[in-house]
1. For the range 153-175, check the following and say yes or no: at least one residue is farther than 19 Å from Glu36 by Cα, modelled with pLDDT of 95 or more, touching a Lys or Arg at 6+ places or on another chain (Cβ under 8 Å) and not in a strand (DSSP E or B).
2. For the range 159-169, enumerate the residues that are surrounded by 19 or more Cβ atoms within 10 Å (Cβ to Cβ) and more than 19 Å from Phe56 (Cα to Cα).
3. Quick one: in the range 2-15, which of the residues that are surrounded by fewer than 19 Cβ atoms within 10 Å (Cβ to Cβ) and of a type outside the set (A, V, I, L, M, F, W, C) is nearest to Glu69 (Cα to Cα)?
4. Might you check whether a residue that is loosely packed, with under 15 Cβ neighbours inside 10 Å, polar (S, T, N, Q), in contact (Cβ under 8 Å) with a residue 60 or more places away in the chain and under 30 Å from Asp159 (Cα atoms) occurs anywhere in the range 52-62?
5. Suppose we filter Glu146, Glu129 for residues that are acidic (Asp, Glu), surrounded by fewer than 14 Cβ atoms within 10 Å (Cβ to Cβ), out of contact with any His (no Cβ under 8 Å at 6 or more places or on another chain) and in contact (Cβ under 8 Å) with a residue 12 or more places away in the chain; which single one remains?
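The values are calculated or read from the model by the stated rules, or taken from the named source; none is laboratory data. Small disclaimer: the values here were computed from a predicted structure and weren't measured. Reconstructed Cβ throughout: ideal geometry from the backbone, glycine too, with neighbour counts over all protein chains shown.
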Amino acid sequence: MALDDMREHLVLYGYYVDDWDWDFGSFWNHHYVLDEEYISDACSTTTSSQVTTIKFLYPFNIKKKYAIEGVIRGQFTMTASGATSTFTSYRVTVCKVHSDDTETELFSTDWVTINDSIIWDSTYSIGDEIVYPFWIDALDEEILDENERIFVKFEFNADNNAYLLHYNDATYNDITVDIPIRT
C-alpha cells in the first residue's frame, strides 16, 4: 500500500481524566490522554502534575497504516506551586507503543536548556504560568500500523515546585501537539 503525499494535521490536546483510564501495550490504568477535542467541563479531571516524566497517550487507531512526516509543533504550560520554581531544561518526544508493550522514541526536541524562575505569589497563592513552544523536525517518515499508538513524552529538569498544567479547558490549551500524518 502506497502512502499518499498529502498530509493531514492531527491536532491533539493533553489532559488528565480522573474517572476513565486506558489500557494499551505498556500503558495500564493510564489517565493522561491526548484527544482531538476537550471533554465537558463537568467531567472530573486533574488540572496539573508535579514535573517528572509524563506520557500522554493517543489511545485510538488512526488508520491501518499511516506515516508521521513533516514538522511536529506544539506547546506546554508550566506553573509553580507553594514557592518559586527553577526550571532548567525539558525534552519533548513523540513516541509509539506497540500492543506487545514495546515503546519506541520516534522524534524529539533533544534537551532544550532554559533557566527560568517561575514566580509563586504567596499573597494570592498563585504561580506564574509560562507557555513553552516546541518544534520537532520529522523529515524521515515513520510508518505506524494498527498495532501501534502514538504518545508524547514530556521530560523536565526542575525543582519540586514546578508543575505541568493540563486543564480540560479549550480557552487556554495548556498542552497542544500538531502531528503531520500521511495516510
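1. No, there is no match, as no residue in the range 153-175 is farther than 19 Å from Glu36 by Cα, modelled with pLDDT of 95 or more, touching a Lys or Arg at 6+ places or on another chain (Cβ under 8 Å) and not in a strand (DSSP E or B).
2. First pass over the range 159-169, keeping only residues surrounded by 19 or more Cβ atoms within 10 Å (Cβ to Cβ): 161-168.
Within the range 159-169, Asn161 is the sole residue that qualifies.
3. Our first condition is that a residue be surrounded by fewer than 19 Cβ atoms within 10 Å (Cβ to Cβ); within the range 2-15, this holds for 2-11.
Okay, now just the ones that are also of a type outside the set (A, V, I, L, M, F, W, C), so 4-5, 7-9.
Details: Asp4: 12, Asp5: 10, Arg7: 8, Glu8: 10, His9: 10 Å.
The residue in question is Arg7.
4. yes
5. On the way: Glu129 fails: surrounded by fewer than 14 Cβ atoms within 10 Å (Cβ to Cβ).
When all the criteria are applied, what remains is Glu146.
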